[in-house]
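Before any comments, here is the structure.
Only the coordinates and a few stated rules stand behind these numbers; no lab work does. Keep in mind that this is a model prediction, so the values were computed, not measured. With ideal geometry, Cβ positions are generated from the backbone for all residues, glycine too; neighbour counts draw on all protein chains shown.
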Amino acid sequence: MKELVELKGLTRRFGKKTAVAGIDFALKEGEFVGLLGPNGAGKTTTIRMLTGLYKPTAGTIKYHGRDFFENQKEIKGYIGVVHQYSNLDRDLTAYENLSLHCILHGIPKDERKKKIEEALEFAGLREYRDRQVKTFSGGMKRRLVIVRALLHEPRILFLDEPTVGLDPQIRRSLWDLIVKINQLKKMTILLTTHYIEEAERLCERVMIINEGRIIADASPEALKKDLGRYVLEVFHEEGIEERLFQTKEEALEALKNCKETCKIREVTLEDVFLNLTGRRIDV
Ligand SMILES: Nc1ncnc2c1ncn2[C@@H]1O[C@H](COP(=O)(O)OP(=O)(O)OP(=O)(O)O)[C@@H](O)[C@H]1O
Ligand SMILES: [Mg+2]
């Protein structure tokens with residue numbers, strides 16, 4: 001697979017604060033990659049540099065081997081982005097919101113109607129096309145924002161915490177939409193999240209970011225395998241002790257010899273994060 005975007009030594013400081021501390025990675029065409037990290041890890045700052053909203057303090061970004069900042073106008077056409085706080089015009093209808101995006105992106109007038117109708121269909125919002133967005137649920141708004149980002153047919157879609165604040169059932173329906181975009185439209189996706197389950201379920205490759213640095217980069221399976229497949233949780237008065245095992249048999253053996261209350265569960269990316277940083281991702 002061809003490399004779509006490659007960054008080297010990417011750094012962004014705000015005064016004395018280093019938000020992104022020299023990161024390197026490349027994304028291949030069609031890949032679905034997660035950038036997983038806690039609040040303040042540098043996820044949004046990374047996305048903002050990759051989409052041209054922030055200038056890096058240092059480092060390079062190349063799309064198809066060409067420098068982003070030297071060819072920004074053209075490369076921006078490659079990029080679809082759903083920002084963490086992306087919004088729609090509440091007083092406009094779904095159709096009008098999509099139409100506005102087409103105008104802003106210079107999509108020729110005779111192509112707009114077809115593209116908008118396809119987008120509404122893809123998002124499952126066809127019957128709501130003429131309703132004002134202010135009548136939409138949180139999940140419907142998110143679906144509309146996501147398909148809006150695809151109207152100009154980008155090569156890569158950046159999704160910054162696309163399901164934050166949504167309840168679990170709605171989150172799942174958004175996952176289906178996002179997977180469909182990757183699979184059916186063969187779209188390269190970089191998704192940021194601090195939800196462990198989201199990264200595990202959706203992404204074929206996960207980069208873990210902490211304090212502006214990428215501290216792990218592999219498939220969820222590979223990240224977990226390095227640690228051990230099973231966790232034995234031992235409930236002590238002073239807290240839970242977690243022991244890691246490669247096989248279920250080993251964990252069961254240890255469980256048998258356990259005098260305290262014990263429980264076996266499978267390793268998650270939360271354990272990987274804890275092992276790498278000494279803390280949990282969501283606190
Ligand atoms: N415009 C800014 N001015 C000053 N500091 C900033 C600015 N933007 C981000 N930061 C700081 O840089 C660090 C990284 O922020 P960033 O928003 O990239 O993190 P994040 O991983 O997206 O977090 P969250 O999960 O909360 O969205 C944080 O400590 C943040 O306070
Ligand atoms: Mg953020």
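Which one, 104, 85, 273, is farthest towards the positive end of the dipole of the chain when Lys and Arg carry +1 and Asp and Glu -1 on their Cβ? Result: 104, furthest along the dipole toward the positive end.
By the beta-carbon count within 10 Å of each Cβ, the least crowded to most crowded order of 179, 272, 133, fewest first, is 179, 133, 272. Using a cut-off of 30 Å between Cα atoms, the listed pairs 17/141; 73/109; 17/62; 76/225 include 17/141; 76/225 as exceeding that distance. For the chain, taking a cut-off of 4.7 Å between Cβ atoms, the unpaired cysteines are 102, 203. For region 141-236, the antiparallel share of DSSP beta bridges with both residues in that region comes to about 50%.
Centre-to-centre, using Cα atoms only, region 83-162 and region 1-79 are separated by 24 Å.
Counting Lys +1, Arg +1, Asp -1, Glu -1, what net charge surrounds residue 242 among other residues with beta carbon under 15 Å of its beta carbon?
With Lys, Arg at +1 and Asp, Glu at -1, the neighbours total -1.
Annotation: lysines with alpha-carbon distance below 21 angstrom to residue 16 (same-chain offsets under eight excluded): 43, 55. Within the same chain, aspartates and glutamates fewer than 8 places from residue 2 are excluded, and of the rest, those with a Cα less than 15 Å from its Cα are 29, 31. Here residue 201 and residue 263 are evaluated by their C-beta separation; at R0 = 25 Å the FRET efficiency comes out at 0.65.
In region 71-218, inverting the average of 1/r over every pair of distinct C-alpha atoms gives 16.1 Å as the Kirkwood radius. Normalised by the number of residues in the chain, the mean separation of alpha-carbon contacts (under 8 Å, six or more apart) gives a relative contact order of 21 percent.
Counting other Cβ atoms within 10 Å as a rough exposure proxy, the listed residues 273, 32 run 32, 273 from fewest neighbours to most.
Taking Cβ atoms as reference points and 9 Å as the exclusive limit, the residues near residue 3 contribute a net charge of +1, counting Lys and Arg as +1 and Asp and Glu as -1.
Protection proxy ranking of 236-242, 198-204, 41-47, by the mean of other Cβ atoms within 10 Å over each peptide's residues and highest first, is 41-47, 198-204, 236-242.
The DSSP beta bridges internal to the chain are antiparallel in roughly 65% of cases.
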